[in-house]
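J.: The following block contains the structure, expressed as structure tokens.
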Amino acid sequence: MTQLFEFSDVHVAVEDASILSGVTTTIPVDKLTVIAGESGSGKTSLLRLCNRLDVPTSGTIGFRGRDLLELDPQQLRRRVGMVFQRPVLFGGTVRDNFLVADPTASDETMCEVLTDVQLDPAFLDRIGDELSGGEAQRVCLARTLLCEPEVLLMDEATASLHQAATRTLEETVSRLRTDAGVGVVWVTHDLGQIERLAEHLIVLTEGRVRYTGGAGTPEARAALASLATEAED
Amino acid sequence: MLEGDVDAIGLATSLILVGVALAVSLSQQLRLEKQLIWATVRAFVQLVVMGFVLAWLLEPGRGVAYSWVWVACMVVFAGWTVHKRAPEVPGLFGMAVVALAASTLVTMGVIFGFGVFPMEARAIVPLGGMMIGNSLSGTVLAARRVADELTEKRPEVEARLALGHSSQQAGRPYVRSAMRTALTPQIESTKAVGLVFLPGAMTGLILAGVDPVDAVLVQAAIMYLILGAVATTSLVVGLGSVRQLFTPDHRLRRLTRSSD
């Protein structure tokens with residue numbers, strides 16, 4: 001079966017510092033994949049390779065069986081949407097933000113994506129700066145959905161949110177996956193979130209893959225337990 | 001007849017205000033003393049050297065080619081200054097030199113081609129200096145602001161790239177703001193001409209006994225050429241810097257090291 005993403009001996013180095021070293025792993029099409037690891041383990045760097053915001057120093061990355069570097073980066077980024085750690089809203093209203101993603105979007109389409117992320121259509125005229133962190137992050141997700149992505153990359157997207165907002169975002173994304181078939185790759189170091197979301201798990205330590213495979217296996221638990229121990233240390 | 005002589009006492013008196021600035025810096029702990037002293041000394045040395053060079057260039061029988069060589073040196077030095085102020089922009093030196101050279105060539109072409117001034121060393125060097133000097137300020141601001149805006153607004157720029165925008169589209173709002181900052185001083189000083197200050201060329205011509213209306217027309221021509229030169233060099237270098245700060249595959253280059 002063709003994988004969603006396939007990393008083969010991927011290295012990333014910045015100014016002689018190694019960020020990822022020899023990463024070889026796959027992200028399946030049909031499972032919500034969580035990339036876990038401590039801060040500085042390279043998980044965000046791995047995610048940023050998936051929509052080509054960064055490129056590897058060496059190695060290859062496949063997207064649905066094709067070399068990712070052969071694809072047009074702009075088209076790829078509309079197919080592979082990304083929600084960042086901190087909600088990034090541009091100036092103006094929510095509508096203005098949506099028009100950045102799709103200048104031709106109708107009000108009807110914009111209301112639909114707001115409903116998809118469990119926000120009232122009245123949010124269209126709200127000023128971005130006045131939204132709470134949770135609302136802003138859902139608007140960011142809705143803005144990404146306007147590009148009709150096949151895959152969502154969630155880069156610690158709930159790190160700055162409180163628990164209720166975190167759960168709402170998790171439910172929204174899970175529903176998008178089950179209802180609309182959107183692939184999801186979620187980066188986090190929150191063990192509770194990994195427990196709730198992961199169907200497939202990649203654990204990184206210091207830029208290397210420590211574990212890759214199913215989420216509920218004894219090996220997966222052992223890899224996560226070692227992360228918890230390192231965090232305590 | 002205007003007496004251009006200034007003795008040591010006159011020069012020392014002109015330093016009083018620099019002394020005031022030093023006192024303010026010390027009392028307010030601004031830590032600008034070193035820079036103030038360095039700028040004062042450096043400006044003096046540069047002006048003295050310039051005086052000797054001009055005297056040499058203005059000697060009777062000296063070819064104007066030497067003046068053009070001097071203008072070329074100014075362009076190269078200005079390009080180097082722009083590069084030093086925004087070293088994170090790759091290829092900025094060459095870009096700035098080409099932009100400054102092109103704008104200087106066009107403006108000087110207009111001035112001498114239409115006979116606003118005769119093509120002599122006493123006109124080539126100071127006019128070249130005016131064009132390059134004014135363009136330098138705008139160009140440095142343009143390159144610096146573009147680099148700063150794209151560094152500070154990196155999350156926003158990358159959010160736009162992640163929505164499938166091209167680097168040109170993603171950088172546009174920040175470049176617009178940078179270009180406004182770069183061009184505003186020149187636009188403001190052009191607007192204030194005559195009301196707040198009388199510019200150098202006009203003052204010089206009036207002091208030399210030229211009819212004030214003629215002096216005003218000459219000044220207007222020079223002012224428009226300066227505004228045009230500043231605007232074009234700033235735009236070329238600003239937009240060129242944006243191109244250099246993105247990769248051809250629409251990624252924002254790493255200007256400062258980011259974590260994880």
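J.: Read phi for every residue in the range B:128-138 and hand back ³J(HN,Hα) as whole Hz from Karplus 6.51 cos²θ - 1.76 cosθ + 1.60, θ = phi - 60°, with x for Gly and Pro.
T.: These are the phi-based 3J(HN,Hα) values: x, x, 5, 5, 5, x, 5, 5, 4, 4, x Hz.
J.: For chain A, with every protein chain kept in place, what is the accessible area per residue (1.4 Å probe, Å²)? Write down the numbers at each step before the final one.
T.: On the way: 9990 Å² over 233 residues.
Result: 43 Å² of accessible area for each residue.
J.: Keeping every protein chain present and rolling a 1.4 Å probe, give me the accessible area per residue for the range B:1-57 in Å².
T.: Values: 4880 Å² over 57 residues.
I get 86 Å² per residue for the range B:1-57.
J.: Using the Karplus equation 6.51 cos²θ - 1.76 cosθ + 1.60 (θ = phi - 60°), what ³J(HN,Hα) coupling, rounded to whole Hz, does each residue of the range A:194-206 give in order, writing x for Gly and Pro?
T.: 4, 4, 6, 9, 5, 10, 10, 10, 10, 10, 10, 9, 6
J.: Any idea of the total accessible area buried by the B-A contact, 1.4 Å probe, rounded to 100 Å²? Walk me through the intermediate numbers first.
T.: Working: alone 15750 and 11020 Å², together 24610 Å².
Its buried surface, counting both partners, is about 2200 Å².
J.: Right, something else. Hey, which aspartates and glutamates would be in cross-link range of residue B:84, C-alpha to C-alpha under 19 Å, not counting anything within fewer than 8 residues on its own chain?
T.: The qualifying aspartates and glutamates are B:148, B:149.
J.: Relative to the longest principal axis of the C-alpha atoms of chain A, give the angle of the C-alpha long axis of helix A:218-232, reported between 0 and 90° and rounded to the nearest 10°.
T.: 80
J.: Once R0 is set to 51 Å, what does the formula 1/(1 + (r/R0)^6) return for the Cβ-Cβ distance between residue A:70 and residue B:110, expressed as a FRET efficiency to the nearest 0.05?
T.: On the way: r = 50 Å, r/R0 = 0.98.
Efficiency computed from Cβ-Cβ geometry: 0.55.
J.: Moving on to the next point. Roll a 1.4 angstrom probe over the protein heavy atoms and tell me the percent of accessible area of the range A:5-232 that is carbon or sulfur. Please report the intermediate quantities before stating the final value.
T.: Working: 4430 of 9530 Å².
Answer for the range A:5-232: carbon and sulfur cover 46 percent of the accessible area.
J.: Additional query: So what is Rg over Rh here for the protein assembly as shown, counting just Cα atoms and using Kirkwood for Rh?
T.: Numbers: Rg = 30.1 Å, Rh = 26.8 Å.
Radius of gyration over Kirkwood radius for the protein assembly as shown works out to 1.12.
J.: OK, next. How many Å³ per residue does the convex hull of the Cα positions in the range B:97-218 occupy?
T.: Details: hull volume 15.6 nm³, N = 122.
Convex hull volume per residue, Cα atoms: 128 Å³.
J.: Taking the Cα centre of the protein assembly as shown as origin and charging only Cβ (+1 Lys, Arg; -1 Asp, Glu), how large is the dipole, in debye to the nearest 20?
T.: Working: 42 positive and 53 negative charges, 205 e Å.
Magnitude of the dipole: close to 980 debye.
J.: Would you give the gap between the C-alpha center of the range A:174-233 and the C-alpha center of the range B:29-100, rounded to a whole Å?
T.: Computed from Cα coordinates, the inter-centre distance equals 59 Å.
J.: Let me ask something additional. So for chain A, Kirkwood radius off the Cα pairs, Stokes-Einstein at 37 °C and 0.692 mPa s: how many µm² s⁻¹?
T.: Details: Rh = 18.2 Å.
D, rounded to a whole number, is 181 µm²/s.
J.: Where in the range B:139-168 does accessible area fall by at least 20 Å² between the isolated chain and the complete protein assembly, at a 1.4 Å probe radius?
T.: Buried-area filter returns B:155, B:156, B:158, B:159, B:160, B:161, B:162, B:163, B:164, B:165.
J.: Related question: Pick from B:133, B:19, B:238 the residue whose mean-square fluctuation is largest in a GNM of chain B, springs joining Cα atoms under 10 Å.
T.: Comparing B:133, B:19, B:238 in a Gaussian network model of chain B, the most mobile one is B:19.
J.: Using a 1.4 Å probe over the heavy atoms of the protein chains, calculate the carbon and sulfur portion of the accessible area of chain B as a whole percent. Write out the running numbers ahead of the final one.
T.: Details: 9870 of 14620 Å².
It is 68 percent, rounded to a whole number.
J.: Using modelled amide H (1.01 Å from N, peptide plane; none on Pro or chain starts), what sits under 5 Å from the amide H of residue A:183, excluding residues fewer than 5 places away?
T.: The list, which skips near neighbours in sequence, is A:151, A:152.
J.: Something else: For a quick check: with amide H placed at 1.01 Å from N, whose amide H comes under 5 Å from residue A:209's, ignoring anything fewer than 5 positions away on the same chain?
T.: A:24
J.: What list of ³J(HN,Hα) couplings, whole Hz, do you get for the range B:231-241 from phi and the Karplus terms 6.51, -1.76, 1.60, once you set θ to phi - 60° and write x for glycine and proline?
T.: 4, 5, 5, 5, 5, 4, 6, x, 5, x, 4
J.: Mind jotting down a quarter of the surface of the convex hull over the alpha carbons of the range B:1-57, in square nanometres, one decimal?
T.: 5.1
J.: For a quick check: with amide H placed at 1.01 Å from N, whose amide H comes under 5 Å from residue A:14's, ignoring anything fewer than 5 positions away on the same chain?
T.: Under 5 Å from the amide H of residue A:14: A:19.
J.: Please calculate the 1.4 Å probe accessible area of residue A:64, with all protein chains present, and give it to the nearest 10 Å².
T.: Ignoring ligands and nucleic acids, residue A:64 comes out at about 90 Å².
J.: Straight-line reach only, C-alpha to C-alpha below 16 angstrom: list the aspartates and glutamates that residue A:31 could link to, leaving out same-chain residues fewer than 8 apart.
T.: Leaving aside aspartates and glutamates fewer than 8 places away in the same chain, those within reach of residue A:31 are A:6, A:150, A:170, A:171, A:179, A:195, A:199.
J.: So how do A:155, A:116, A:125 rank on accessible area, 1.4 Å probe, biggest first, that is with the largest at the start? It would help to have the intermediate numbers written out before the result.
T.: Numbers: A:155 10, A:116 60, A:125 100 Å².
If we order A:155, A:116, A:125 from most to least accessible, we get A:125, A:116, A:155.
J.: Distance between the C-alpha centers of the range B:115-138 and the range A:142-166? Whole Å please.
T.: Going from one Cα centre to the other spans 57 Å.
J.: As an exercise, identify the chymotrypsin sites (Phe, Trp or Tyr not before Pro) in the range B:52-158 lying in DSSP coil whose Cβ has no more than 14 other Cβ atoms within 10 Å. Working shown, then result.
T.: Details: sites: B:52, B:56, B:66, B:68, B:70, B:77, B:80, B:93, B:112, B:114; in loops: B:114.
For chymotrypsin sites (Phe, Trp or Tyr not before Pro) across the range B:52-158 that sit outside H, G, I, E and B with at most 14 neighbouring Cβ atoms in 10 Å, the list reads B:114.
J.: Given a 1.4 Å probe, how much area per residue of the range B:99-246 is accessible, in Å²? Write down the numbers at each step before the final one.
T.: On the way: 6530 Å² over 148 residues.
It amounts to 44 Å² per residue over the range B:99-246.
The values are calculated or read from the model by the stated rules, or taken from the named source; none is laboratory data. Small disclaimer: the values here were computed from a predicted structure and weren't measured. Neighbour counts run over all protein chains shown; Cβ positions are idealised from the backbone, glycine included. Protein only, heavy atoms only, side chains kept; ligands, DNA and RNA dropped before computing areas. Shrake-Rupley method; radii C 1.70, N 1.55, O 1.52, S 1.80 Å.
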